[in-house]
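Structure first, commentary second.
The values are calculated or read from the model by the stated rules, or taken from the named source; none is laboratory data. This is a predicted model, so every value here is computed, not measured. Please note: Cβ atoms are built from the backbone with ideal geometry, for glycine as well, and neighbour counts cover all protein chains shown.
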Amino acid sequence: MLFLQLLANGLQVGAIYALTAAGFSLIFGSTKIFHFAHGATFAIAAYLFHFALTGLGLHWTFAVAVSATSAVVFGVLLDRFMYAPIQRHEGSFFTVFVASFGIGIVVQNLLGSVFGRGFMSVPTPLSNSVEVIPGLYLSPLNGLAILCAIACFAALHFFLTRTFTGKGLRALSENPELVRTFGLSPRRLSTYAFALGSLLVVPGAIFTAAGTGINPAVGHHVMLISLAATIVGGIGSLRGAACAGLLIGVAENLAMWKLGTQWSEAITFAILFFFIIFKPSGFFGRATVS
Amino acid sequence: MTAYILNLLVLISVYAILSTTLNFIIGYAGIFSLAHAVFFGIGGYTAALVAMHVTPEFFVAVPVAMAAAAVTSLLLALPALRVRGEYFVAASLGLQVLAVTLFSEWKSFTGGLGGVIGIPAVEMFGYPVYKPWQFLLMSLICLTIIIVIIRTLVHTSFGRSLKAIRDSESAALASGKNITVIKTLSVVLSSALAAVAGALYAFYMSFINVESFMLDTSVLVMAMVIIGGTATILGPLLGAALLMLMPSALTYLTFLPQTEIGSIQQIVYGMAMVLLMIFRPGGIVSSHPGGSK
Amino acid sequence: MSVQLNTALETPKPVPGSGFTGSTDDQKVLLEISHLSKNFGGLQAISDVSLNLRAGIITTLVGPNGAGKTTLFNMITGHIPPTEGNVRWQGESVIAKAPWKIARAGIARTFQDLRLFTHMTVEENILTMMEPGSWLWQPGGKSRKAKRLDKVSRILERTGLTDKRHTRALDLAYAERKFLSLARIMATDSRLWLLDEPASGLDPNSYNLFLQLLREEVKEGITVCIIEHNLDIVVNISDRIAFLDQGKLLADGEPQTILNDPALAAIYFGER
């Protein structure tokens, strides 16, 4: 029974990881920018959701809107005002990564100063668990998180395969030169990539804020997982990042069962190491030619 | 007052060793490691154990610490250097996180969360070195030797190979360089020397625990390298000094809420990293504002 | 064959190409490419290409954009593994070996986008090409080092870069960068040079100097294969031409034959 419980929890957490990882993978795949501040986007979305709901007393639909807007705005602002200037000058992997990392530190500490460093969560009846079968406690939040993730992925798939911009984004990750010949500008598409990638963290951020709770380091944790998932899933594959995110969520929870909670983060990285050694291209990735 | 200054200087030298050795791989080889604190920690814990159970002799404890760090770095380098740079960052991050868990759980080696206490004073050829000014002298000598080693290497063919790899791996390959071996050597060297800092730290504090060896520390050292200036000798030293002095400097700005000093510090160097990358990627000391990367 | 001999008796053969006179078919084959193919997840970039590069002459690889010329180079130098086929260098198979091993075996290349060691000086760029070993220092001590520096000076003179010895590669002008790319390859002991559009965008003076340098090297025994788009250069420098289109080798032979073929011209100029 404990196994099923952990599995259920793992699927919920995994769904959140899958979405966030897909967001990071989308950005990195299309723009080749190592957006380490993706975790900061998650943290901002989560905290502003919490603040809008409890601090401002808004209705949850407005809170969701606030959260989503803040995530998208943050992502786009970073693209415009931080990554673009850097790429104009020199744009090496190093410079982009360091700037991204720096912003992540700034955001994490600002959030801590403004909202406090303790754990916070949004009180909601949805997180009350019900004993579905003896030993298995599920809350509506569990189910909602998973359904929401599925819906988001369906929408993402539709967007990437059916819309012009979506196809442009996919082209960008394969062949930036080609994009220009179709009349699209890589700069514009890059903004869309950041907007969409950042939007993808929002459901996860909201469910975390409502469920397990958040603290300023949550962005950091999520970032590490997204990174691990993107690599394990295969760079360039959204499907891979999502599957890997799910796998990591489940593995984390099962690890808690067998090894104790302190090893759960370590498990993620053990998985990452395993893949780097034996299958660097990940689940679905393309070959890594330097 | 002198005690305070001496203390600060010792810590600056320890961190200067860390930043100089990290710069060796980041600035000259283009290998981004977020795991430097791991080797700092391995150096510290190993030296402490040797000192407590075998002998506190510097020339025994330190080489053993270096060997331990070198072997561990192979664990990171061998798998992760065969593939693209982004993988190394991720792998180093992974190692750092794993290491913190290991440091916290492996009680026989690290004393778990409680850490290792009662590390005896270090001895040089049998002479105990415990007076602050003696310790400072010892640290400065170590720092100088390490700087000389790194500077020499950078000016030889090995240094040129590193820079070639940093600037264009494919061209370096096409010129006959076995880049995997070269990169691995540089990581092993950098980690072994970082362990010296760890040993010094352990002897100085007489007590170490996992808190000094977490991701925060790796990030702090990285900030020192970046802000001071990559691929220069002076840069990491300046960065170490600046960032170690910053907490004290900030306390002088009395209008800042004291409880937030830690956060503000981090915000300052986070913003410094961002602004530098936009306007002066080479760091403060760089000769060309465009950066020597 | 007899037609050629007659022409040789009647008029002195002009000196295009490397200055090589005679039939290129007679030259020794140093690099054998046999039935090389490359498939990138569905896209057949190279199909069944077999080509021989011969000693002491300049072979030019031509073809429209996207024909696969650079991919071919990448497979020879080990940067990309082939899907099928083999490459033999001086009799030994080098296919899918590590690029650094192939480089040490004597095959050197330049890149279309140069890939200079941007943050190193011109001197360092050239010096490092002479130091392939991964040891922490080079054997031979000071005397060998002095010899290497001498060699650097000579190369700098020949490529007109003496003034820029201590300039960083990224601060060089366009033509200077092209020459540095050539200088780097001159510093190695390689017997085969694969040059990817080495003279594109050069002004007439520079390009004459460039061709001159190439001819000197070929006289010393270097085998050169150039990817080139500029017909002027192709006409001027080739002893032999290989025509690649959509991954297939359409023709391989003397410049006269290839350049006068209307079908190939049509493909080259885009009228299919």
*With respect to the numbered conditions (1) away from chain C (no Cβ under 14 Å); (2) within 22 Å of the chain's Cα centre (by Cα), which one is the sole condition not fulfilled by B:Ala121?*
(2)
*asked:* Tell me whether the range C:24-39 contains one or more residues that are among the hydroxyl-bearing types (Ser, Thr, Tyr), within 30 Å of C:Leu211 (Cβ to Cβ), more than 17 Å from the chain's Cα centre (by Cα) and surrounded by fewer than 18 Cβ atoms within 10 Å (Cβ to Cβ).
replied: no
*Condition broken by C:Gln138, with the remaining ones in (1) modelled with pLDDT of 90 or more; (2) over 26 Å from C:Tyr268 (Cα atoms); (3) not acidic (Asp, Glu); (4) not in a strand (DSSP E or B) satisfied*: (1)
*Inspect all residues belonging to the range A:10-25 and state whether any of them is closer than 15 Å to A:Ile103 by Cβ, at pLDDT 90 or above and not aromatic (Phe, Trp, Tyr).*
no
*Quick one: which residue in B:Ala48, B:Ala70, B:Ala61 is modelled with pLDDT under 95, more than 24 Å from A:Ile225 (Cβ to Cβ), in contact with a Leu (Cβ under 9 Å, 6 or more places away or on another chain) and more than 14 Å from chain A (Cβ to nearest Cβ)?*
B:Ala61
*asked:* Restricting to the range C:109-130, name every residue that is more than 7 Å from chain B (Cβ to nearest Cβ) and out of contact with any Lys or Arg (no Cβ under 8 Å at 6 or more places or on another chain).
replied: C:Gln112, C:Asp113
*In the range C:89-108, which residues are within 24 Å of C:Asn39 (Cβ to Cβ), facing another protein chain (nearest Cβ under 10 Å) and touching a strand residue (DSSP E or B) at 6+ places or on another chain (Cβ under 8 Å)?*
C:Ile102, C:Ile107
*With respect to the numbered conditions (1) under 19 Å from B:Val148 (Cβ atoms); (2) of a type outside the set (Lys, Arg); (3) surrounded by fewer than 21 Cβ atoms within 10 Å (Cβ to Cβ), which one is the sole condition not fulfilled by B:Ala3?*
(1)
_Could you tell me how many of the residues in the range A:12-48 are over 15 Å from the mean Cα position of the chain (by Cα) and over 16 Å from A:Ser198 (Cα atoms)?_
0
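Of all residues in the range C:149-202, count the ones that are of a type outside the set (S, T, N, Q) and over 28 Å from C:Trp89 (Cα atoms). Write out each step before concluding.
First, pick out the residues of the range C:149-202 that are of a type outside the set (S, T, N, Q): C:149-152, C:154-158, C:160-161, C:163-166, C:168-180, C:182-187, C:189, C:191-199, C:201-202.
The next check asks that each one be over 28 Å from C:Trp89 (Cα atoms); those that pass are C:149-150, C:154, C:156-158, C:160-161, C:163-166, C:168-177, C:201-202.
Qualifying residue count for the region: 24.
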_So, C:Asn86, is that one away from chain B (no Cβ under 14 Å), surrounded by fewer than 16 Cβ atoms within 10 Å (Cβ to Cβ), over 26 Å from C:Met130 (Cβ atoms) and at pLDDT 90 or above or not?_
yes
*Residue that is surrounded by the most Cβ atoms within 10 Å (Cβ to Cβ) [pool: residues in the range A:224-250 that are within 16 Å of A:Gly10 (Cα to Cα) and away from chain B (no Cβ under 14 Å)]*: A:Gly245
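Tally time: how many residues in the range B:73-110 are in a helix (DSSP H, G or I), in contact (Cβ under 8 Å) with a residue 60 or more places away in the chain and surrounded by 19 or more Cβ atoms within 10 Å (Cβ to Cβ)?
Adding up the residues that qualify gives 13.
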*Restricting the range A:276-290 to residues that are part of a loop (DSSP other than H, G, I, E, B) and at pLDDT 75 or above, which is nearest to the other protein chains (Cβ to nearest Cβ)?*
A:Pro280
*asked:* Can you confirm whether A:Ala43 is away from every other protein chain (no Cβ under 14 Å), farther than 21 Å from B:Thr230 by Cα and in contact with a helix residue (DSSP H, G or I) (Cβ under 6 Å, 6 or more places away or on another chain)?
replied: no
_Members of the range A:260-275 that are surrounded by fewer than 18 Cβ atoms within 10 Å (Cβ to Cβ) and more than 8 Å from chain B (Cβ to nearest Cβ)_ = A:Gly260, A:Thr261, A:Phe274
_Any residue that is of a type in the set (Asp, Glu) and within 17 Å of the chain's Cα centre (by Cα) - is there at least one of those in the range A:174-186?_
no
*Going through the range B:1-17 one residue at a time, which ones are more than 14 Å from B:Ala202 (Cβ to Cβ) and in a helix (DSSP H, G or I)?*
B:Thr2, B:Ala3, B:Tyr4, B:Ile5, B:Leu6, B:Asn7, B:Leu8, B:Leu9, B:Ile12, B:Ser13, B:Tyr15, B:Ala16
*Read through the list (1) more than 14 Å from chain A (Cβ to nearest Cβ); (2) more than 15 Å from A:Val98 (Cβ to Cβ); (3) part of a helix (DSSP H, G or I), then give the number of the only condition that B:Gly262 fails.*
(1)
*So which helices (runs of 4 or more DSSP H) are wholly in the range A:57-117 and hold at least 2 residues that are at pLDDT below 90 and within 9 Å of chain B (Cβ to nearest Cβ)?*
A:84-89, A:93-115
*Listed residues B:Ile182, B:Ile278, B:Ile284; which is within 13 Å of chain A (Cβ to nearest Cβ) and among the hydrophobic types (A, V, I, L, M, F, W, C)?*
B:Ile278
*Are there any pairs, at least 6 apart or on different chains, whose C-beta atoms fall under 9 Å, with the first in the range B:25-48 and farther than 13 Å from B:Thr217 by Cβ and the second in a loop (DSSP other than H, G, I, E, B) and among the aliphatic types (A, V, I, L, M), and if so, which?*
B:Ile25/B:Ile31; B:Ile26/B:Ala231; B:Gly27/B:Ala231; B:Tyr28/B:Ala231; B:Ile31/B:Leu81; B:Ala47/B:Ile119; B:Ala48/B:Ile119
*From C:Leu249, C:Leu264, C:Leu259, residue being in the same structural domain as C:Pro82 (by TED's automatic domain parsing) and either β-branched (Val, Ile, Thr) or modelled with pLDDT of 85 or more (or both)*: C:Leu249
